[in-house]
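Let me begin by presenting the structure, written as structure tokens, before commenting on it.
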Amino acid sequence: MSRPVTSRLLPGLLLGLALFSQSGTAMAEDTSALVSEARGVVQQFSGTLGKALKSALETGGPVAAIEVCNLKAPGIAELVGGATGWQVGRTAFKLRNPKNAPDDWERSVLTSFASRAAAGEDLTKIEQTEVVERDGQRTFRFMKAIPTAELCVTCHGASLKPEIQVRLKELYPTDQATGFAVGDLRGAFALSKRLD
């Protein structure tokens, strides 16, 4: 007499579940390493950009700082990305540079960030990750919220000095990135890395 189908399949099913569980653990470990790596890349990018902005503010004032964002920020992102293997950028709903417009995934994450911030979550700790299919390849995506700091309101605040307004209009004719107060969600760092 043969065993019931369930008893014949049970050993294979248990083995499959064990392997799935192990691969799930490995994936969680891999994701954890990627999150840690992404946080380091954000720190490197924001630290380098922050130093350049502070230096420009000290030596040439706010107008010089605007030019750092306009001319140097993309190069800093590219340099950090090239050194780390990540695609590095920033995005927001209220854009200064239209090239930083969010894609669908980023827009969804920014909406989530805004809801989480409105619910009282600490902006300095808000981030999101996901492995997605992008251009036919598995890609790890990471976003970290950017809170508006005191330094930021000089060029992104509600009341800007006339010379700042003039320079912004020259460099960014479609600028929307003003009206922020310290502590507002300014935007997010947006990173991605291909896994395949």
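From Cα pairs below 8 angstrom and at least 6 apart in sequence, can you work out the relative contact order of the range 5-194, rounded to a whole percent?
23
When the Debye formula is applied to the Cα atoms of the range 88-196, each taken as the same point scatterer, what base-10 log of I(q)/I(0) results at q = 0.14, 0.22, 0.23 Å⁻¹?
After summing over all Cα pairs, the log10 values are -0.60, -1.17, -1.24.
Return the sequence-ordered ³J(HN,Hα) values of the range 68-81 in whole Hz as given by the Karplus equation 6.51 cos²θ - 1.76 cosθ + 1.60 applied to θ = phi - 60°, using x for Gly and Pro.
Computed from phi, the couplings for the range 68-81 are 4, 4, 6, 9, 9, 4, x, x, 5, 4, 5, 5, 5, x Hz.
Mind checking the alpha-carbon convex hull of the range 53-129 and giving the volume per residue in Å³?
134
Test of understanding: ordering 86, 105 by Cβ neighbours within 10 Å, fewest first, what list do you get?
105, 86
With the alpha-carbon atoms as the only input, what is the per residue convex hull volume for the chain in Å³?
Once divided by residue count, the hull of the chain is 145 Å³.
When ranked by the protection proxy of mean other Cβ atoms within 10 Å per residue, highest first, what sequence do the peptides 177-189, 33-45, 131-143 form?
Ranking, from highest mean packing down: 177-189, 33-45, 131-143.
For a quick protection proxy, order the peptides 68-74, 120-126, 166-172 by their average other-Cβ count within 10 Å, most packed first.
Listed from highest to lowest mean packing, they are 68-74, 166-172, 120-126.
Note the per residue figure in Å³ for the convex hull of the C-alpha positions in the range 135-175.
So the per-residue Cα hull volume is 118 Å³.
In whole Hz and in residue order, list the ³J(HN,Hα) couplings for the range 103-111 that follow from phi through the Karplus curve 6.51 cos²θ - 1.76 cosθ + 1.60, θ = phi - 60°; x for Gly and Pro.
Listing the rounded values in order: 7, 4, 5, 5, 4, 5, 5, 4, 4 Hz.
Since every read-out is calculated from the coordinates, none of them should be taken as a lab result. As the structure is a prediction and not an experimental result, all values here were calculated from the model. Note that we place each Cβ from the backbone using ideal geometry, even for glycine, and neighbour counts take in every protein chain shown.
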